[in-house]
Each structure stands twice: as C-alpha cells, then as structure tokens.
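As structure tokens, the structure follows; a few thoughts come after it.
The values are calculated or read from the model by the stated rules, or taken from the named source; none is laboratory data. Note that the coordinates shown come from a computational prediction; the quantities given were computed from them, not determined experimentally. Every residue, glycine among them, receives a Cβ derived from its backbone with ideal geometry; neighbour counts consider all protein chains shown. Note: areas computed on protein heavy atoms with side chains; ligands, DNA, RNA excluded. Shrake-Rupley method; radii C 1.70, N 1.55, O 1.52, S 1.80 Å.
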Amino acid sequence: MNIFRLLGDLSHLLAIMILLQKIFYSRSCAGISAKSQVLFAIVYTARYLDLVTVYVSLYNISMKVVFLLSSYATLYLIYLKFRATYDRNHDTFRIEFLLLPAIVLALLINHQFSALEVLWTFSIYLESVAILPQLFMVSKTGEAESITSHYLFALGSYRGLYILNWFYRYWTEGHYDLIAIVAGVVQTVLYCDFFYLYVTKVLKGKKLQLPA
C-alpha cells in the first residue's frame, strides 16, 4: 500500500458514490451506459473470484466486496428499478467487440495459464476498455450532465493514480506488472480528451459537450 494506490482506491469509491447518488436522487439512470456497467460487473466478477481462496488483508477483502456489490446494485437500478429512464436508443455500443478480444488476449498473453490467472488477466484487459460504451454514449448524445462528468473524471483519476502507484512500486520495490501497466495506460489515454473538456468546461460551470 502507498499513497497513490490509496488515493486511487478512494477516487474509485468516489466515482461509485457519485454514480449511485445520481441515480438515487434523480430517480433516473438517464445518461448512464448500462453496457459499461455490465462490463464493469464482469470485470469485478472475473477478478475477485479469489475472494474465497486468498486472504490478503481486511482492507483488500472489503474493497473487493464493495466493488462487486455496487456494480450489481447499479445494474439492478438500471435494468429493474429505474428501467423506464434508461436510454437504450443511445446506448448502442457493441460490447462483443470488447469482450472477444479481451478473452483471446487473456488466453494468449498471461503470467500463468491457470483458471484464476487467465480470468484476472481477462479482467485487466476488459477494464481498460470498459468505459468505451459510456464515452460513446456521451459522444452520441453530444453532452453530459455535470454529475455524469464528475463520475467519469473520478473514474479516470483512479486509473491515472494507479499508474503513479506502479511507478512508485517499481522505484521502491523493483516490482512491475507489464500487463497491468499497459492496460492502465490504454485506459487512461481513452480519458484524455474527456479530461481536457472536463477541466476547461465543467469546472467552469458549463455543460460538457462532445462532438458527435
């Protein structure tokens, strides 16, 4: 544990809290991509199957449980409780184009060809692109509510802070995981255009607009 990982985890938690607060208080999931949330649920499920077999720390287990429960709670809110507010017409990204390459890459490029290791690697690859349906939806509608923008910024910050965490670990421990680093860089790059618009518009009180 170091300050960058801790801040990354807190940023991730903040993103989840912002998303759930947005849905609960507005009683609407408008502007939220259910397909991105499905991908995140798959990511956490595949990554945290070791919950029943590996104990690292109470902190580690608590974070895993929170991410799992919150991801499925979000799906429940979108597909059941507030399904009438879900914008299916704009959430049209074909997630099979993300799932299939992630599966193939996990089978071909991994640290160890075992069930848990391949699933962990799959989750890393998939997480790097899981936000694409949400970004595609924002681009397709042409704008995003401020609260949705805050969610995306917090989620992107989490990945950026984890890159700093990996640099720190390499500097202090000589440890690095090339698969996680490359996937994290890819994911952070996907947010770059959004980060720029967020800083120049949302923080000035303007509604974020993206080119369609």
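When the residues of the stretch 113-136 are filtered to those that are closer than 24 Å to SER149 by Cα and β-branched (Val, Ile, Thr), the one that is nearest to the chain's Cα centre (by Cα) is ILE131. Can you confirm whether the stretch 165-173 contains a residue that is in contact (Cβ under 8 Å) with a residue 24 or more places away in the chain, within 14 Å of the chain's Cα centre (by Cα) and in a helix (DSSP H, G or I)? Looking through the stretch 165-173, none of the residues is in contact (Cβ under 8 Å) with a residue 24 or more places away in the chain, within 14 Å of the chain's Cα centre (by Cα) and in a helix (DSSP H, G or I). Sub-6 Å Cβ pairs linking a first residue in the stretch 31-44 that is of a type in the set (S, T, N, Q) to a second residue that is not in a helix (DSSP H, G or I), at least 6 apart or interchain, are SER33/ASP91; SER36/ALA130; SER36/ILE131, ordered by first then second residue. State yes or no: is THR92 under 20 Å from the mean Cα position of the chain (by Cα), under 14 Å from ILE42 (Cβ atoms) and among the hydroxyl-bearing types (Ser, Thr, Tyr)? Spelling it out, it is not the case that THR92 is under 20 Å from the mean Cα position of the chain (by Cα), under 14 Å from ILE42 (Cβ atoms) and among the hydroxyl-bearing types (Ser, Thr, Tyr).
Of the helices (runs of 4 or more DSSP H) contained entirely in the stretch 37-142, those carrying at least 2 residues that are among the polar types (S, T, N, Q) fall at 58-76, 115-129, 132-141. Just one of the listed residues (SER11, SER57) is of a type in the set (Ser, Thr, Tyr) and touching a residue at least 60 places away in the same chain (Cβ under 8 Å), and it is SER11. Among the residues of the stretch 124-149, those identified as surrounded by fewer than 20 Cβ atoms within 10 Å (Cβ to Cβ) and more than 23 Å from ILE103 (Cβ to Cβ) are SER139, LYS140, THR141, GLY142, GLU143, GLU145, SER146, ILE147. The condition (being open to solvent by 50 Å² or more (accessible area, probe 1.4 Å), more than 22 Å from VAL138 (Cα to Cα) and at pLDDT 95 or above) is satisfied by just one residue among LEU58, LEU100: LEU100.
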